[in-house]
Amino acid sequence: MGSSQGSAQSSATSQGADDGMASCNTGVHHCSFPMYVVKVSDFLDMEGVPEPHQVLRRKGLLHEWQPSMFVIFVSHQWLGTGSPDPSGQQMTVLRHALQSWIDGSMKVDIDLMRTFGEQGYSTTSYERVATGYLFLDWFAIPQLTERADGVNDDATKSDTARAVQSIPAYVESCDMFVALVPDLVHSDTRLQCNYSTWLSRGWCRAEL
């Protein structure tokens, strides 16, 4: 009986993942791993160093992308070898920017394509952001260094690889693209990281 229940649960989980991938495959690029996002409201409540995919998933803070969601894709340069934001400085900047946008204390200039492509978008964007979701690689992609004890290493590697391969599809499914490029220092190399260094990275250019 226990084995049958386990098989049923595994089948249900697999079906859910398949549904998530199917819903993400709505554009040109192929999605081979579900797109996971975090509510903006939940992100604003977070503090300090960002927690990885596996931790957020256990806490129930990750949601599979659905076409009805308004999602912001956050592109950024990692500030550490094992963690994208070892001191939490990047996330603090992002939280401040989002909160300032939502409460109207910061004016955001929408790019020309967005402005002319969707009339009236800029006047309601703060409302959509407040009730929207964020895609951030550290949150959305299973991290090899953060897997739980007993979790199969090969399975994690496979999920990670499929998620990374799906990034073009994730970008295509998002409604807004934000480059998180504050002027900060990399924790390992001690080199400055900013808009110029972000733009020089292949993955960041690919996301654009």
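The values are calculated or read from the model by the stated rules, or taken from the named source; none is laboratory data. If you're wondering where the values come from, they're calculated on a predicted model, not measured in any experiment. Note that each Cβ is placed from the backbone with ideal geometry, even for glycine, and that neighbours are counted across all protein chains shown.
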Qualifying residues in the range 124-167 (those that are part of a helix (DSSP H, G or I) and acidic (Asp, Glu)) - the one modelled with the highest pLDDT: 137
If I ask for residues that are in a loop (DSSP other than H, G, I, E, B), farther than 18 Å from residue 64 by Cβ and either at pLDDT below 90 or out of contact with any Leu (no Cβ under 9 Å at 6 or more places or on another chain) (or both), which ones from the range 168-199 would you list? 183, 189, 190, 191
Does residue 117 satisfy the condition of being at pLDDT below 95, touching an Asp or Glu at 6+ places or on another chain (Cβ under 6 Å), under 22 Å from residue 177 (Cα atoms) and surrounded by fewer than 19 Cβ atoms within 10 Å (Cβ to Cβ)? no
Can you find even one residue in the range 66-75 that is in a helix (DSSP H, G or I) and over 12 Å from residue 137 (Cβ atoms)? no
Based on what the data block shows, is residue 100 outside any loop (DSSP other than H, G, I, E, B), among the polar types (S, T, N, Q), modelled with pLDDT of 90 or more and surrounded by 12 or more Cβ atoms within 10 Å (Cβ to Cβ)? yes
For the range 38-52, does any single residue satisfy the condition of being at pLDDT below 95 and hydroxyl-bearing (Ser, Thr, Tyr)? no
Contacts under 6 angstrom Cβ, first residue in the range 152-170 being surrounded by fewer than 15 Cβ atoms within 10 Å (Cβ to Cβ), partner at pLDDT 90 or above, 6 or more apart: 165/32
